[in-house]
1. Rg (Å, one decimal) plus Dmax (Å, integer) for the alpha carbons of the range 107-209?
2. Taking only the C-alpha atoms, wrap a convex hull around the chain and report its volume per residue in Å³ as a whole number.
3. How high is the FRET efficiency between SER328 and ARG371 when r is their beta carbon distance and R₀ equals 22 Å, given to the nearest 0.05?
4. Give me a comma-separated list of calculated 3J(HN,Hα) values for the range 116-126, in order, Karplus coefficients 6.51, -1.76, 1.60 applied at θ = phi - 60°, integers in Hz, x for any Gly or Pro.
5. With a 1.4 Å probe and all protein chains kept in place, how much accessible area does ASP250 have, in Å² rounded to the nearest 10?
6. Taking 0.36 nm per residue of separation and subtracting the Cα-Cα distance, what length does fully extending SER193 through LEU17 add?
7. The chain: longest stretch without exposed GluC sites (Glu not before Pro) (DSSP loop, at most 14 other Cβ within 10 Å), sites themselves excluded?
8. So if I restrict to the alpha-carbon atoms in the range 147-254, what is the Rg, and what is Dmax, the biggest pairwise distance, in Å?
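The values are calculated or read from the model by the stated rules, or taken from the named source; none is laboratory data. Treat the numbers as computed from the prediction; the structure is a model and nothing was measured. Methodologically, a virtual Cβ is constructed for each residue, glycine included, from the backbone with ideal geometry; neighbour enumeration extends over all protein chains shown. The area values use the complete protein model at the heavy-atom level, side chains included, leaving out ligands, DNA and RNA. Shrake-Rupley method; radii C 1.70, N 1.55, O 1.52, S 1.80 Å.
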Amino acid sequence: MSHPSYDGDLYTDEALLNPYEHYRTLRDLGPAVWLTAHEVYAVTRYQDVRAVLSDPETFCSGQGVGLNDLVNQAGQGSTLMSDGAEHDRIRSVTGSALTAKAVSALRPDGHIRAEEMVDRLLQQSTFDAVPDLAEVLPTEWVPDLLGWPEQGRADLLKWGAANFDVLGPLNQRAIDATEFAIEGVNFAAWVASESLPEGSMAAGILEAAASGVLRPEECPIVLCDYLFPSLDTTVSGLGAAIWLFATHPDQWDLFRSDPSRARQAFDEVLRLETPVTGFTRVATREAVIGDIEIPAGARVLVSFASANRDERKWDEPERFDINRANASHLAFGYGVHACVGMGLARLEATEVLSALARRVERFELVAPPVRKLNNTIRAFSSLPIRIVASSQSDVIV
Ligand code: HEM
């Protein structure tokens, strides 16, 4: 069947602020829609997104998952942009420090860090939930786990955001971010050349190089694999959680009545406000998506964010419902490239949300939130919040 096409640019300021109508139009147009502005096929329905992610031999990552040739070249050798045995080898290094067992050993530390942060927030009462809450664990705790030096930490968010901006089409936003993206990668190369704290995740990369699992020149990019995807993604998820709970107090009450729902509640946030909106794949051979023929060599944009709001899959997809059966959402991707850091992200989020649930009765927005525009990540840059402490807020659990 000939493919439908769409002339809209998904990466203008307007489209990044309000992407959901674009996604709905694309879903209604067909299983794969040619985007004339970006010269890729957009795959936006849940079943089709999952099918593409399930077939890495036909839809590969090794030719890059971004929307421009520069980043697709530069990312070669990363976990994200590799295939087959090469991918398995690199992922065995990134994955080894992030197994369920390794992550669960971090829980006590995460608990203390989250409690300390909530202590500070209760004293402040009014604060900006992006820098003062959402950014705290990802920028303080995760670099500690990695063994990242104190030097360079002030620039981590700038570098992380830039590395997601450059994954988009080569628009002005991507061009402006290039300098910072390169700066971050160069800094990682310097870190990888230093001796790193024993037992840290980053030290594991150097050990993998010493034992021959990684080639020495691969260390910087694998270090970037840990660091840059671990910042804006989790910050986005935590910011969206506070915004959704502030605007849906009934759901906050429901969550407070049973904080053991933290993981499901966070997953519902990720389903509704999916942080990583989409990545691309290249068809290694002729393929069919739904009833649309895709030529060999074509690039396909896979929209996690659209799939998570597909009305063909979800009942009332725009409703925030922490009781929803949402385990099959695609915010962490699916298949061999599914997020290797999801356990750590969920640990950070569940510890923060549970600490808040024990001590905060409600969140009030004190000024309109401001969105942060990025070619790949949907997030807030500012979320002015006042918290009302619960009557038992002095009880430390
Ligand atoms: C809420 C937080 C997070 C979200 C929403 C998220 C989302 C994603 C998505 C959608 C993918 C799939 C990419 C693809 O299919 O091409 C992915 C892969 C990946 N993520 Fe995450 N991520 C998060 C947190 C993290 C953290 C904390 C880390 C590191 C500690 C991390 C490291 C990675 C890596 C290395 C990959 C590549 C895996 C592979 O290609 O095999 N992510 N992430």
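1. When restricted to Cα atoms, the range 107-209 yields Rg and Dmax of 16.3, 47 Å.
2. Details: hull volume 50.4 nm³, N = 397.
It is 127 Å³ per residue.
3. Details: r = 27 Å, r/R0 = 1.24.
Efficiency, rounded to the nearest 0.05: 0.20.
4. 4, 5, 5, 3, 4, 5, 5, 5, 6, 6, 10
5. ASP250 exposes around 90 Å² with every protein chain in place.
6. Values: separation 176, 0.36 × 176 = 63.36 nm, distance 3.98 nm.
In short, 59.4 nm is gained.
7. It runs 58-149.
8. Looking at the range 147-254, its Cα Rg and Dmax stand at 17.3, 54 Å.
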